[in-house]
Amino acid sequence: CQSMVAWAKDPRWTQRGADSNFDASAVWKELLQPFGLGPMRDVCYHCCSQFAVSREAVRLRPRRFYEQLLHLSLTPGTAHIAWLLEYTWHLIFGKPAKMAKVDR
């Protein structure tokens, strides 16, 4: 994979300058897992958070999911959510947790 976040080993997600008080596992359980993303696991992703997805992929999750993401993203003191979303966008839109490397 191109890049990896090893949440199984570091659920508090202290790498890459993320806030050491940020518990990614709590956000995962509270926000992502109830909407079908399953339990937290290691993720291989393609950097960064610029992507294009189909209408069908967007509709995999209910409107309420996106409303909760927006609310959480706009809440003061939650800048770390942007990092979480950067590493999980492919899961949100129906791709596997460990994406294959893409040659550019």
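Below are the figures for this structure:
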read-out: J(HN,Hα) series, region 25-33, from Karplus relation 6.51 cos²θ - 1.76 cosθ + 1.60, nearest Hz, glycine and proline x; value: 5, 5, 5, 4, 5, 7, 10, 7, 4
read-out: Segment Leu72-Phe35, length gained on full extension (0.36 nm per residue, minus Cα span); value: 11.8 nm
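Read-outs throughout are calculated quantities, based only on the coordinates presented, and are distinct from any laboratory measurement. As the structure is a prediction and not an experimental result, all values here were calculated from the model.
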